[in-house]
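Everything on this sheet refers to the single structure shown next.
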Amino acid sequence: NSVTYSSGNWAPFTHKLKSNHAHQLRLITLLTDDIRQEKLYFDIQPQVNLADNRIVGGEVLIRWNNEHLGQVSPAEFIPLAEQTGLIYKLTDMLLEKVFQWASSNPVALLAQRLSINISALDLLQENFAERVNILLKQYRLSAEKFTIEITETSVFQKSEIVGHNVKKLHDAGFELSIDDFGVGYSSMQNLVALEINELKIDQFFVMNLMTDTQSQTLCRNMINLSKDLNIISVAEGIESEDILNLLRQWHCQVGQGYHLYRPMSTLQYLTLLEERDQPLSPSINRA
Ligand code: C2E
Ligand code: MG
Ligand code: MG
Ligand code: MG
């Protein structure tokens, strides 16, 4: 494929590391190799419309199963990839794998959409949006079927490059979602200026819903805020029926969590979509 990998910053990485523990260096070495060999893959966690229980899409979650280390959590290797500049190759590899998979399994995007996490660092790359668009076209896919998840802190950076990338992605038809919302207290101004389509309430608040009144207040406010701004509200980390019911009662639109579905293989996801016999029209409004 003709899209070239962006050049990661290799030279300064050792300085950026907080410690040069042997374990971290080993992780980096192995991660570098496995990214080069495109050995990482992804699972998908279904997302559910809380009003009618339909699957409206899924979140792509990267997975790394190394032959020496076994399964390593993205919570561990994504920050490491960010500190070493490996993240650019990782994101490119993942996007290509997702687009390739989606184009060869059209069922995945018939009535559902896919959410993809990207790093704040990706958005700071001058040509990021252009590269994504080129790749998308190569696989003849429509951007309207994809949501790009970015974390709150990345849109906080008052960078022209971030603004440029966000606008380009938007213009191409991608939807934008703010992941882990509530942790960094994005201003409403940010949400409006960047024409954000979706807010994902941080799972910390969702998990504590039954026991913590502050989390309740924050969740309700975030749901109402998104309603007022015409933004889709997504609650992730739903681990019980009680929490699910509460979120339904508050008219949170979309839910994700172990109580609904765990992240699953792409094959299981396709099977699930077929079993659930979802209507084939793309008309499912996530609202
Ligand atoms: P995230 O984007 O907020 O993704 C949600 C995480 O919560 C996933 O963890 C998911 O498996 C987990 N989760 C979902 N429902 C529940 C639940 O009910 N209870 C609990 N305890 N956890 C739940 P995962 O797959 O380990 O990913 C962790 C983080 O790594 C992600 O958080 C995201 O920030 C990052 N990540 C994952 N895949 C990618 C990727 O492809 N690219 C980038 N840049 N980051 C990624
Ligand atoms: Mg996410
Ligand atoms: Mg999240
Ligand atoms: Mg998170």
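Worth a mention:
- Whole-Å distance, taken between Cα centres, linking region 21-93 and region 260-277: 20 Å
- Alpha-carbon spread of the chain, three principal axes, descending order, Å: 52, 41, 39
- Each peptide among 53-63, 136-146 gets the average number of other Cβ atoms lying within 10 Å of its residues, and from highest to lowest they stand as 53-63, 136-146.
- Over all orientations, region 171-231 has a Cα convex hull whose mean projected area works out to 4.2 square nanometres.
- Normalised by residue count, region 88-229 yields a Cα convex hull volume of 117 Å³ per residue.
- Note that region 199-257 presents 45 Å² accessible area per residue, ligands and nucleic acids not counted, probe 1.4 Å.
- The chain: most fluctuating residue of Phe181, Phe128, Phe77 per GNM, C-alpha cutoff 10 Å: Phe77
- Cα long-axis angle, helix 87-104 against the chain (0 to 90 degrees, to the nearest 10): 60 degrees
- In region 93-225, lysine pairs with alpha-carbon atoms under 23 angstrom apart (chain gap of 8 or more, or interchain): 14
- Sequence ranges 129-135, 41-47, ranked by mean other-Cβ count within 10 angstrom, highest first: 41-47, 129-135
- Net charge in the neighbourhood of Ile150 (other residues with Cβ under 9 Å of its Cβ; Lys, Arg +1, Asp, Glu -1) is -4.
- Most mobile listed residue (His251, His21, His170) in the chain, GNM with C-alpha springs under 10 Å: His21
- Here the Karplus curve 6.51 cos²θ - 1.76 cosθ + 1.60, taken at θ = phi - 60°, turns the phi angles of region 109-123 into couplings of 10, 5, 10, 10, 10, 10, 9, 10, 7, 10, 8, 4, 5, 4, 5 Hz, with x standing for Gly and Pro.
- Using a probe radius of 1.4 angstrom, the carbon and sulfur fraction of the accessible surface of the chain is 51%.
The values are calculated or read from the model by the stated rules, or taken from the named source; none is laboratory data. Here the structure is a predicted model, which means the values were calculated and not measured. Every residue, glycine among them, receives a Cβ derived from its backbone with ideal geometry; neighbour counts consider all protein chains shown. We work out accessible area using only protein heavy atoms, side chains counted, and drop any ligands, DNA or RNA first. Shrake-Rupley method; radii C 1.70, N 1.55, O 1.52, S 1.80 Å.
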